[in-house]
Amino acid sequence: MQKIVLMGFMGAGKSYWGPKLAQALGYSFIDLDQYIVQQEGSSIPELFAQKGEAYFRAQEKSYLLDLLEQKAPLVLALGGGTPCQAGILPLLLEQKGLQLIFIDPPLAVLQKRLAQEAEGRPLLAQKKGPALQKIIAQYWTQRRPYYLQAPYRFSGKQLDELLALIPRPPKPEQ
């Protein structure tokens, strides 16, 4: 196993669980959104505002392809919309040496988390109260069919549960 890719909705915990999983396995961790910010020199809200979502999505795909070519073992957290782009999910599902895991907390948990951090998310900024909850539910409904194609699903509760999804090499006979 060389690459583990975590996908799920905004606020699912990809950036929380990714470093913990990487540390437990001795892998490197990269958050795709943070990687884009470093490479572009602008925050994601700034990229959306200044260059548009189409530019951001094109860069996101390009950087993802670059990261997938790296040979070192890696835990990679995708952005919430990354697997919904044309061609990305099939690429991830067909890639040898890659394990795709859907982090899947309940919608109510996501809505609570995202209500606290909506301003930092371009697709949710400027929304409040019932309008925010409605847009979260709409995006969740649209994106969930993509996420459900991942071969592995994690509830987002315990690191042991996540680690149990990772195949381990057989121990040498003694």
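Rounded to the nearest 10 degrees, the angle from helix 44-69 to the longest Cα principal axis of the chain is 10 degrees.
Tell me, what % of the accessible area of the chain is carbon and sulfur with a 1.4 angstrom probe? For the chain, the apolar C and S fraction of the accessible surface comes to 52 percent. What would the Debye equation give as log₁₀ I(q)/I(0) for the range 1-154 at q = 0.10, 0.13 Å⁻¹, counting only Cα atoms as equal point scatterers? At q = 0.10, 0.13 Å⁻¹ the computed log10 ratios are -0.34, -0.58. Considering only trypsin sites (Lys or Arg not before Pro) in DSSP loops that have at most 16 other Cβ atoms within 10 Å, the longest stretch of the chain without any of them is 1-70.
With every protein chain in place and a 1.4 angstrom probe, the accessible-area ranking of PHE29, PHE48, largest first, reads PHE29, PHE48.
Residues of the range 125-148 with amide nitrogen under 18 Å from the 7 Å Cα-to-Cβ point of ALA49? Residues 125-128 qualify, since their backbone N sits under 18 Å from the label point.
Only residues of the range 1-16 count here: report those whose backbone N is under 19 Å from the spot 7 Å along Cα→Cβ of LYS71, or say none. Residues 1-4 qualify, since their backbone N sits under 19 Å from the label point. Per residue, the solvent-accessible area of the range 10-74 (1.4 Å probe, heavy atoms of protein chains only, all protein chains present) comes to 51 Å². Computed from backbone phi, the HN-Hα couplings of the range 104-109 come to 10, x, x, 4, 4, 5 Hz, rounded to whole numbers (Karplus: 6.51 cos²θ - 1.76 cosθ + 1.60, θ = phi - 60°; Gly and Pro given as x). Beyond a 26 Å Cα-Cα separation, which of these cross-linked pairs lie in this structure: LYS14/LYS134; LYS71/LYS112; LYS20/LYS96; LYS3/LYS157? Cα-Cα > 26 Å for LYS71/LYS112; rest within. For PHE154, the amide hydrogen comes within under 5 Å of the amide hydrogens of PHE102, ILE103, ASP104, counting only partners 5 or more places away or on other chains and with H modelled in the peptide plane.
The values are calculated or read from the model by the stated rules, or taken from the named source; none is laboratory data. Predicted model only: the values in this text are computed from it and were never measured. When we count neighbours, we look across all protein chains shown, and the Cβ atoms used for this are built from the backbone with ideal geometry, even at glycine. For the accessible areas, the whole protein counts, side chains as well, though only heavy atoms, and no ligand, DNA or RNA atoms are used. Shrake-Rupley method; radii C 1.70, N 1.55, O 1.52, S 1.80 Å.
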